[in-house]
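K.L.:
Before I ask anything, here is the structure I am working with.
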Amino acid sequence: MSWAKLTLATAVALGAGWILGRVLFPPPVAAVAPAAATLAERGGQRAASVLTAAGSRRSEAERSARAALDHLVAARRSANPHRAELESTLRLRAMGEAEVRALAEAIAEGGRAFTRYETGYLTAVWRRLAKTAPESAIQLGLSLTNRDLKRATTKAAVDVWSQRDPRAALEFLLDAEQRWFIDGRDIALGHLAARDPGAAVEVLERVRASDWFPIARQSVFDAWRQTDAGAARAWILRELDGDPAAAVGVFAQADPASAIGFARAHPPDPALRRAVNDTIVSRWMRSDRAAALQAFGDLPEDWLDNAALRNFGLNAAHSLSADELDTVRARLPNDALRDALARGMIDRAATGGRFADATAQLAGIAGDEARAAAAASIAAEWTRASPAETSEWLSTLEIGAVRDQAVARFAQTLEPAEPASARTWAETISDVDLRARTLRTLGGDGSGR
């Protein structure tokens, strides 16, 4: 037998003998009691030690949080606020979980007033807390009194939670009644749709009757298209019963160029024309003006109705600088678009009280109808500012469509203050039909008598 085996056998035999002896000849109870008492005392000491250590750690976390909070407040008065902000951020990064929670709780106590200048720092605190206790982070954020900070901190917490567990975050937010969670729901639903579109669609069915549904549907589509554009587009078309105008509105939120491309694959009915116009003017013009102008210039003329042209001109004129306007106008491919932009420029000048500039630009409009409409806009604005100056300008215009439209608008604007003078001017309109319509709006029978 080897030495190792012999040692093992001996140990087993000794152990068995000791156990048998304790069974056959147990010690008296009096001998066991002191040992049990000693063990209990030691256990109590260990428990007290654990509790004391926990309390010490808690106190230390609170002291650290208070120090960080004092440093943040002092940073407002610092001669170098950027350095002070950096120091506060570095201090936050070095904190443990307990310290971060204590800091958030101290901030939420409301003992100090925070402003939007601390938004970045407070948001970082809440993002840290949300990694381990998202519900607590949200509730603490809601307890802040500053509306901007309340929104920023809760949104940050929701964003962190949604990236880690979008389904749990969304369920929490759907059960809550706080209106602050509307943005948060969009964030959580978007993260869920990116991971599991089917689950996101199931959530949509639960909220279909709510006011939030259109926004939620857009959130699902925008997130889904990032992972599978074809499936997302097929789904939204089914949702919208194949309505191309409604689909353009949804597509345009994230990709206006593809929205217009989709629209142009269909006949340009009025609803679709309006959708395309809204896409370019209302959204794309604000986010990428050059691309929007190019897209509008590339549209076939049967897509450019009067409403679309007017909206294009107004929005382009109000979003471009004076130097850009002439350059853009020169690059537009047809008179309809150039006239629309000129009308927008005239309206911009007239609403700004620059009537001399507005009237000087009339000659630059090629189309008679567009020029007459622009003259009418000038007359309306100028009459509100100075009827006498407006009448002097009208007297310089040649007989024709431009003068007729301007006089008609002048008379209609002037009528509440000077009805007799308004009728006198209306009777000078050369176009018989327009004169009759104008007189009827002024309370006459349209005969001029």
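K.L.:
Considering A379, A388, A356, which residue is surrounded by 21 or more Cβ atoms within 10 Å (Cβ to Cβ), in a helix (DSSP H, G or I) and modelled with pLDDT of 85 or more? Before you say what the answer is, go through the steps one by one.
P.N.:
Details: A388 fails: surrounded by 21 or more Cβ atoms within 10 Å (Cβ to Cβ); A356 fails: surrounded by 21 or more Cβ atoms within 10 Å (Cβ to Cβ).
Residue meeting the stated conditions: A379.
K.L.:
Is it the case that K155 is over 30 Å from W303 (Cβ atoms) and touching a Leu at 6+ places or on another chain (Cβ under 6 Å)?
P.N.:
Working: over 30 Å from W303 (Cβ atoms): yes; touching a Leu at 6+ places or on another chain (Cβ under 6 Å): no.
Criteria not met by K155.
K.L.:
Let me ask you something else. Go through (1) buried (at least 21 other Cβ atoms within 10 Å of the Cβ); (2) in contact (Cβ under 8 Å) with a residue 24 or more places away in the chain; (3) out of contact with any His (no Cβ under 6 Å at 6 or more places or on another chain) one by one and return the number of the condition P166 breaks.
P.N.:
(3)
K.L.:
Residues of the stretch 139-159 being among the β-branched types (V, I, T) and surrounded by fewer than 20 Cβ atoms within 10 Å (Cβ to Cβ), which ones?
P.N.:
T145
K.L.:
Can I ask one more? Return yes or no: is R286 loosely packed, with under 12 Cβ neighbours inside 10 Å, assigned to a helix (DSSP H, G or I) and in contact with a helix residue (DSSP H, G or I) (Cβ under 8 Å, 6 or more places away or on another chain)? Quick ask: steps written out before the conclusion?
P.N.:
Details: loosely packed, with under 12 Cβ neighbours inside 10 Å: yes; assigned to a helix (DSSP H, G or I): yes; in contact with a helix residue (DSSP H, G or I) (Cβ under 8 Å, 6 or more places away or on another chain): yes.
When the stated conditions are applied, R286 passes them.
K.L.:
Next question. Can you find a residue in the stretch 207-221 that is of a type in the set (S, T, Y) and without any contact (Cβ under 8 Å) to a residue 12 or more places away in the chain?
P.N.:
Among the residues of the stretch 207-221, at least one is of a type in the set (S, T, Y) and without any contact (Cβ under 8 Å) to a residue 12 or more places away in the chain, which makes the answer yes.
K.L.:
Would you say E369 is surrounded by fewer than 19 Cβ atoms within 10 Å (Cβ to Cβ), modelled with pLDDT of 85 or more and not β-branched (V, I, T)?
P.N.:
Numbers: surrounded by fewer than 19 Cβ atoms within 10 Å (Cβ to Cβ): yes; modelled with pLDDT of 85 or more: yes; not β-branched (V, I, T): yes.
Judged against the criteria, E369 is a match.
K.L.:
Here is a follow-up. Given the residues A349, A340, which is the only one that is modelled with pLDDT under 85 and within 33 Å of the chain's Cα centre (by Cα)?
P.N.:
Values: A349 fails: modelled with pLDDT under 85.
Of the residues listed, the single one that is modelled with pLDDT under 85 and within 33 Å of the chain's Cα centre (by Cα) is A340.
K.L.:
Of the conditions (1) under 20 Å from G184 (Cβ atoms); (2) free of Cβ contacts under 8 Å to residues at least 12 places away in the same chain, G230 satisfies every one except a single condition; which number is it?
P.N.:
(1)
K.L.:
In the stretch 217-236, how many are buried (at least 17 other Cβ atoms within 10 Å of the Cβ) and not aromatic (F, W, Y)?
P.N.:
Quick first cut of the stretch 217-236, residues buried (at least 17 other Cβ atoms within 10 Å of the Cβ) only: 217-225, 232-233, 235-236.
Checking which are not aromatic (F, W, Y) leaves us with 217-220, 222-223, 225, 232-233, 236.
Residues in the stretch 217-236 being buried (at least 17 other Cβ atoms within 10 Å of the Cβ) and not aromatic (F, W, Y): 10 in total.
K.L.:
For V276, work out the one condition from (1) loosely packed, with under 13 Cβ neighbours inside 10 Å; (2) under 30 Å from G242 (Cα atoms) it doesn't fulfil.
P.N.:
Failed condition: (1).
K.L.:
Filter the stretch 399-413 down to the residues that are assigned to a helix (DSSP H, G or I) and of a type in the set (A, V, I, L, M), then identify the one that is farthest from I378 (Cα to Cα).
P.N.:
Just the residues of the stretch 399-413 that are assigned to a helix (DSSP H, G or I), to begin with: 401-413.
Add one more test, that the residue is of a type in the set (A, V, I, L, M), and what stays is 401-402, 406-408, 411.
Working: A401: 15, V402: 11, A406: 8, V407: 11, A408: 12, A411: 13 Å.
Going through the qualifying residues, I end up with A401.
K.L.:
Output the residue which, of all residues in the stretch 81-120 that are modelled with pLDDT of 65 or more and assigned to a loop (DSSP other than H, G, I, E, B), is farthest from L144 (Cα to Cα).
P.N.:
Filtering first and then ranking leaves A94.
K.L.:
Any idea which of A199, A209 is more than 25 Å from A254 (Cβ to Cβ), surrounded by fewer than 17 Cβ atoms within 10 Å (Cβ to Cβ), at pLDDT 90 or above and of a type outside the set (V, I, T)?
P.N.:
Details: A199 fails: more than 25 Å from A254 (Cβ to Cβ).
Selected residue: A209, the only one of A199, A209 that is more than 25 Å from A254 (Cβ to Cβ), surrounded by fewer than 17 Cβ atoms within 10 Å (Cβ to Cβ), at pLDDT 90 or above and of a type outside the set (V, I, T).
K.L.:
Provide a single number: the residues in the stretch 408-424 that are buried (at least 16 other Cβ atoms within 10 Å of the Cβ) and over 17 Å from A385 (Cβ atoms).
P.N.:
2
K.L.:
Just checking, does the stretch 326-335 include any residue being more than 31 Å from the chain's Cα centre (by Cα), part of a helix (DSSP H, G or I) and modelled with pLDDT of 80 or more? Even if it seems obvious, please write down each step before you answer.
P.N.:
Restricting attention to the stretch 326-335, the residues satisfying the condition of being more than 31 Å from the chain's Cα centre (by Cα) are 326-327, 329-335.
Now narrow it down to the ones that are part of a helix (DSSP H, G or I): 326-327, 329-331, 335.
Then drop every residue that is not modelled with pLDDT of 80 or more, which leaves 335.
Within the stretch 326-335 (the criterion being more than 31 Å from the chain's Cα centre (by Cα), part of a helix (DSSP H, G or I) and modelled with pLDDT of 80 or more), the answer is yes, since at least one residue qualifies.
K.L.:
Given the structure, is L337 in contact (Cβ under 8 Å) with a residue 40 or more places away in the chain and more than 24 Å from S395 (Cα to Cα)?
P.N.:
Values: in contact (Cβ under 8 Å) with a residue 40 or more places away in the chain: yes; more than 24 Å from S395 (Cα to Cα): yes.
Taking the combined requirement at face value, the residue satisfies it.
The values are calculated or read from the model by the stated rules, or taken from the named source; none is laboratory data. Only a predicted model underlies this, so the values are computations on that prediction, with no experimental measurement involved. Positions of Cβ are generated from backbone atoms using ideal geometry, with glycine treated the same way; all protein chains shown enter the neighbour counts.
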